[in-house]
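Chemist: Structure below; questions to follow.
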Amino acid sequence: MRLGVLDVGSNTVHLLVVDAHTWSHPMPMHDDKVYLRLAECINKSGALTKSGEQSLIKFVAHAAEVADQQGCEEMIAFATSAVRDASNSKEVLDRVHAKTGVRLSVLSGADEARLTFLAVRRWFGWSAGQLLCLDIGGGSLELGTGMDEMPDIASSMPLGAGRLTREWLAGDPATKSELAKLREYVDDTIASQVKPFLKAPRPDRAVATSKTFRSLARLTGAAPSSEGLRVPRELTLPGLRQIIGFISHMSSKDLSDLEGVSSQRAHQLLAGAVVAESAMRHLKLSRLEICPWALREGVILRRLDMMDEDE
């Protein structure tokens, strides 16, 4: 079947069209996205701003039209932390549906962690053994660990790169004081929730997904995206710490000139790096492998599993 997946993330709203069949990997056929930075469109009262909502409605309507043009038999549309955490979430979702005909479902943080974990498991296979997965988005950090296709432990923390940049890093570049306060907050948050993961079996494979991790890995010498999905890539803790020391003095404009850093995400790279370093340190990880599959692929795989169950 031809399937459309509309992912309303905290940074990007992304439509992916795939040809999806049971017993085979999803084949990407069309890709369409826009950077709305919804995590940064939250006002002081915690509501998604009217301009953010209008931009969302505009692209969702566009995505529905494109999905129809592409011959999608079904479209799965979902939203993550930016919409989930907005104080006016229900009202926004109702207006999106009324004006576009698209009903966005809202994934919980735990569901994000579970579906991302599923994608990583399928990518690496059963030989990965005990798997630990980390994913830094625009609004949240997800962790999952386990031996099976669903994690035994799944957790979501409000430590997304976009959210933290908006709330903690006003300077460009950030001041030493801002950075110190951000580090303290991130460390306290992760330390309070990481204990179940430390009690779990030690991972045979620790894996990271998301654009933030890919950019950080690229800055430490990992292969560029042009070399393909299947080239092994990793991020080491010593390399990450060197990168933080380097980028903490740079403006977002200068960061966007670095290879592997997009201009749309450059301003939030430092916050993402702080979260990555803290998570690796608290989880006692010296290296992470980078997986090209993440939440969207997990959603597709779960839909295919459901098709198989119905047969």
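Chemist: What helices (runs of 4 or more DSSP H), lying completely within segment 144-210, carry at least 1 residues that are open to solvent by 20 Å² or more (accessible area, probe 1.4 Å), more than 17 Å from CYS133 (Cα to Cα) and among the hydrophobic types (A, V, I, L, M, F, W, C)?
Modeler: 161-168, 176-193
Chemist: As an exercise: evaluate MET75 against (1) open to solvent by 40 Å² or more (accessible area, probe 1.4 Å); (2) in contact with a helix residue (DSSP H, G or I) (Cβ under 9 Å, 6 or more places away or on another chain); (3) assigned to a helix (DSSP H, G or I); (4) not basic (Lys, Arg) and give the number of the one condition it does not meet.
Modeler: Result: MET75 fails condition (3) only.
Chemist: Counting only residues that are part of a loop (DSSP other than H, G, I, E, B) and of a type outside the set (A, V, I, L, M, F, W, C), how many does segment 231-269 have?
Modeler: 13
Chemist: Anything in segment 270-311 that is among the hydrophobic types (A, V, I, L, M, F, W, C) and over 30 Å from ASP187 (Cβ atoms)? List them, or say none.
Modeler: VAL299, ILE300, LEU301, LEU304, MET306, MET307, listed by residue number.
Chemist: OK, next. Can you report the number of residues in segment 36-49 which are part of a strand (DSSP E or B) and either touching a Cys at 6+ places or on another chain (Cβ under 6 Å) or modelled with pLDDT of 95 or more (or both)?
Modeler: Residues meeting the conditions: 1.
Chemist: Still on this structure, I have one more. Residue under question is VAL120, and the condition is that it be closer than 18 Å to GLY52 by Cα, crowded, with 17+ Cβ neighbours inside 10 Å and at pLDDT 95 or above; does it hold?
Modeler: no
Chemist: Of a type in the set (A, V, I, L, M, F, W, C), out of contact with any Ser or Thr (no Cβ under 7 Å at 6 or more places or on another chain) and open to solvent by less than 10 Å² (accessible area, probe 1.4 Å), is that true of ALA266?
Modeler: no
The values are calculated or read from the model by the stated rules, or taken from the named source; none is laboratory data. If you're wondering where the values come from, they're calculated on a predicted model, not measured in any experiment. Don't worry about glycine lacking a Cβ; one is built from the backbone with ideal geometry, like all the others, and counts go over all protein chains shown. Note: accessible area is taken over every heavy atom of the protein model, side chains too, but ligands, DNA and RNA are not part of it. Shrake-Rupley method; radii C 1.70, N 1.55, O 1.52, S 1.80 Å.
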